[in-house]
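K.L.:
Mind having a look at this structure? Questions to follow.
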């Protein structure tokens, strides 16, 4: 076989086979994700890499050649990232099989085991595991430039002695930073490091304990940020204190959403009412005045008023993400999720769903187990997305008194309870699905815990503006369009004696018999239909409907209209509906695209609608029995 032909084969062979076939000495780059492995590969190969699938799998690996200082060349293989030698995904399985020879393709001649130097304490156990794969190895402490900048000092010689394998430092982005790696490879061609014994059964906890002890010896000086992080983590990740701290923090967030937003919401509401009254007084009483005032201004204004609450909620989320605490929240939730059979990696997609279910569903792609991915997609709509916040806020503001329960705001307590119900429901549904339709094994969560840091003001404000502009864009497009369309349906025909005789009323009357047993009225039946375009559109629809019904009394406040038209049981049933109801059409379309199945999409719509209907019925009739 010619050398060129051999280089096209997407497999690697052992040292003896390599020499016999006339192929290059083969080096496999192995390490955790984000350790700079691919950057080093590009630097060593000059960016001239080929991509090929591993035989029998869709997993891609990159191949290239590196020229050593002696003039000799070695063949480089960039493997998928791994967190150890216990595979958790198809990518990791392929990497471990190739290096250990279990895949039948032969082992590489050498492993370049990379680790981000700043993560020595948390990732060194992976290096110890790689030693047991039975191939010569060189350890590369990458990103040393950044580690030294942050104040980290390592005794590299002591670390090499304790590991029993050659150890070099590198910063892969610079040619000078790669010289030590090239020299180590040259030396390995003349005298390969000894082959460690193969033992993949060693206890993981024992390996982690050994890794922590070695790291403690090798770290001469730890950056202050790392020390502070460990001190804080000792409290916030405590098995008892940690969950209580997380619950208290979330509770505070929901209290703040109502308490801090009251003044700016009143100001916006007043401004919208003033604009409506100004336009009403400046224009003759024509149909287009009603369109502008009762359709556009009332419809859009009933949603825009909740911008302060959206901003406060996202300000907390962005701050928690930037500070590094959100990753800790995922760690704390992992054990609970494992108990219900849900993949630990599902926490991040579910967390994303609190902003919007669509990116949360798409983020489920990181879950390797198909059944776990499907389960995560199916329960993501139960997470309370930001589009539900206007619905919750208007109902709570209209029917829950702004009183105090001890030190807490009652309205904030109710909002917290609604979010909590969504989470508990998601966990319950996951528990059922993992034992029925989506039965399968689960995997624990593995993720990097960053150091704590203060959020950068620039990125924080940009993130906040991005979310605020997205909300306002929806108000200026989807909500405006549906408000105008609903105005025409609710205002015509002009000879209608009431809402029921309008086009909107006739459409709503089709659904009314189905919704009447759970306490819903004609106005709700009408609002639920455009609400499928976007959840907050249901509020703008109600704003438009009541503005048309009482044009002269409309001052931009929907709360007064709801208080006079709805009973408390109806309002509570409406809240229960939105805790469980299917998301917008875009969410259902995303489920269809990500699952590639109309069956799962239909199942999601059916079970969410069924839960919403049952919850609303129980809430309505229970409230009627209690209130009388």
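K.L.:
Select from region 480-496 the residues that are at pLDDT 85 or above and either touching a strand residue (DSSP E or B) at 6+ places or on another chain (Cβ under 6 Å) or not in a helix (DSSP H, G or I) (or both) and list them in ascending order.
P.N.:
492, 493 - these are the residues of region 480-496 that are at pLDDT 85 or above and either touching a strand residue (DSSP E or B) at 6+ places or on another chain (Cβ under 6 Å) or not in a helix (DSSP H, G or I) (or both).
K.L.:
Filter region 282-291 for residues that are in a helix (DSSP H, G or I) and either surrounded by 19 or more Cβ atoms within 10 Å (Cβ to Cβ) or at pLDDT below 85 (or both) and give the result.
P.N.:
Restricting attention to region 282-291, the residues satisfying the condition of being in a helix (DSSP H, G or I) are 282, 287-291.
Passing the criteria: 287, 288, 289, 290, 291.
K.L.:
From 606, 589, 538, grab the single residue that is assigned to a helix (DSSP H, G or I) and touching a helix residue (DSSP H, G or I) at 6+ places or on another chain (Cβ under 7 Å).
P.N.:
Matching residue, one of 606, 589, 538: 538.
K.L.:
Mind checking which residues of region 31-57 are part of a loop (DSSP other than H, G, I, E, B), out of contact with any helix residue (DSSP H, G or I) (no Cβ under 8 Å at 6 or more places or on another chain) and either at pLDDT below 55 or not assigned by TED's automatic domain parsing to the domain that holds residue 98 (or both)? Lay out the reasoning, then the answer.
P.N.:
Taking region 31-57 first, the residues part of a loop (DSSP other than H, G, I, E, B) are 32-36, 46-49, 54-57.
After this cut, where a residue has to be out of contact with any helix residue (DSSP H, G or I) (no Cβ under 8 Å at 6 or more places or on another chain) as well, the list is 33-34, 36, 46-48, 55-56.
Answer for region 31-57, where residues must be part of a loop (DSSP other than H, G, I, E, B), out of contact with any helix residue (DSSP H, G or I) (no Cβ under 8 Å at 6 or more places or on another chain) and either at pLDDT below 55 or not assigned by TED's automatic domain parsing to the domain that holds residue 98 (or both): 55, 56.
K.L.:
For region 244-262, check the following and say yes or no: at least one residue is in a loop (DSSP other than H, G, I, E, B), loosely packed, with under 14 Cβ neighbours inside 10 Å and assigned by TED's automatic domain parsing to the domain that holds residue 412.
P.N.:
Looking only at region 244-262, we keep the residues that are in a loop (DSSP other than H, G, I, E, B), and these are 260-261.
Filter once more, keeping what is loosely packed, with under 14 Cβ neighbours inside 10 Å: none.
No, region 244-262 contains no residue that is in a loop (DSSP other than H, G, I, E, B), loosely packed, with under 14 Cβ neighbours inside 10 Å and assigned by TED's automatic domain parsing to the domain that holds residue 412.
K.L.:
So, in region 592-628, how many residues would count as being within 24 Å of residue 360 (Cα to Cα) and touching a residue at least 24 places away in the same chain (Cβ under 8 Å)?
P.N.:
Taking region 592-628 as the starting set, the residues that turn out to be within 24 Å of residue 360 (Cα to Cα) are 592-612.
Next cut, touching a residue at least 24 places away in the same chain (Cβ under 8 Å) only: 594-595, 600, 603-604, 607-609, 611-612.
Looking only at that region, the number is 10.
K.L.:
Let me ask something else about it. Is it true that some residue in region 168-189 is farther than 20 Å from residue 74 by Cβ, assigned to a helix (DSSP H, G or I) and under 32 Å from the mean Cα position of the chain (by Cα)?
P.N.:
no
K.L.:
Among the residues in region 120-143, are any in a helix (DSSP H, G or I) and without any contact (Cβ under 8 Å) to a residue 60 or more places away in the chain?
P.N.:
We begin by selecting, within region 120-143, every residue in a helix (DSSP H, G or I); these are 120-131.
With without any contact (Cβ under 8 Å) to a residue 60 or more places away in the chain added as a condition, the list becomes none.
The answer is no, given that none of the residues of region 120-143 is in a helix (DSSP H, G or I) and without any contact (Cβ under 8 Å) to a residue 60 or more places away in the chain.
K.L.:
Determine which member of the set 547, 491 is farther than 29 Å from residue 613 by Cα and crowded, with 19+ Cβ neighbours inside 10 Å.
P.N.:
Working: 547 fails: farther than 29 Å from residue 613 by Cα.
None of the other options fit; the residue is 491.
One line per residue, one yes/no per condition, for (1) more than 22 Å from residue 43 (Cβ to Cβ); (2) assigned by TED's automatic domain parsing to the domain that holds residue 216; (3) crowded, with 22+ Cβ neighbours inside 10 Å; (4) at pLDDT 80 or above:
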| position | (1), (2), (3), (4) |
| --- | --- |
| 89 | yes, yes, no, no |
| 123 | no, yes, no, yes |
| 132 | yes, yes, no, no |
| 138 | no, yes, yes, yes |
| 145 | no, yes, no, yes |
| 153 | yes, yes, no, yes |
| 170 | no, yes, yes, yes |
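K.L.:
For region 370-384, how many residues are part of a helix (DSSP H, G or I), more than 14 Å from residue 341 (Cβ to Cβ) and touching a helix residue (DSSP H, G or I) at 6+ places or on another chain (Cβ under 6 Å)?
P.N.:
Within region 370-384, the first condition is being part of a helix (DSSP H, G or I), and the residues that meet it are 370-382.
Now restrict to residues that are more than 14 Å from residue 341 (Cβ to Cβ): 370, 377, 380-382.
Those still in the list that are touching a helix residue (DSSP H, G or I) at 6+ places or on another chain (Cβ under 6 Å) too: 377, 380-382.
Summing the residues that are part of a helix (DSSP H, G or I), more than 14 Å from residue 341 (Cβ to Cβ) and touching a helix residue (DSSP H, G or I) at 6+ places or on another chain (Cβ under 6 Å) in region 370-384 gives 4.
K.L.:
Is one or more of the residues making up region 444-467 out of contact with any strand residue (DSSP E or B) (no Cβ under 6 Å at 6 or more places or on another chain), part of a helix (DSSP H, G or I), modelled with pLDDT under 80 and more than 30 Å from residue 290 (Cα to Cα)?
P.N.:
Of region 444-467, the ones out of contact with any strand residue (DSSP E or B) (no Cβ under 6 Å at 6 or more places or on another chain) are 444-467.
Right, trim to part of a helix (DSSP H, G or I) and you get 457-467.
From what is left, the residues that are modelled with pLDDT under 80 are 459, 467.
Narrowing the set further to residues that are more than 30 Å from residue 290 (Cα to Cα) leaves 459, 467.
So far as region 444-467 goes, yes, one or more of its residues are out of contact with any strand residue (DSSP E or B) (no Cβ under 6 Å at 6 or more places or on another chain), part of a helix (DSSP H, G or I), modelled with pLDDT under 80 and more than 30 Å from residue 290 (Cα to Cα).
The values are calculated or read from the model by the stated rules, or taken from the named source; none is laboratory data. The shown structure was predicted, so the numbers you read here are calculated from the model rather than taken from an experiment. Here the Cβ is made from the backbone with ideal geometry for all residues, glycine too, and neighbour counts use every protein chain on show.
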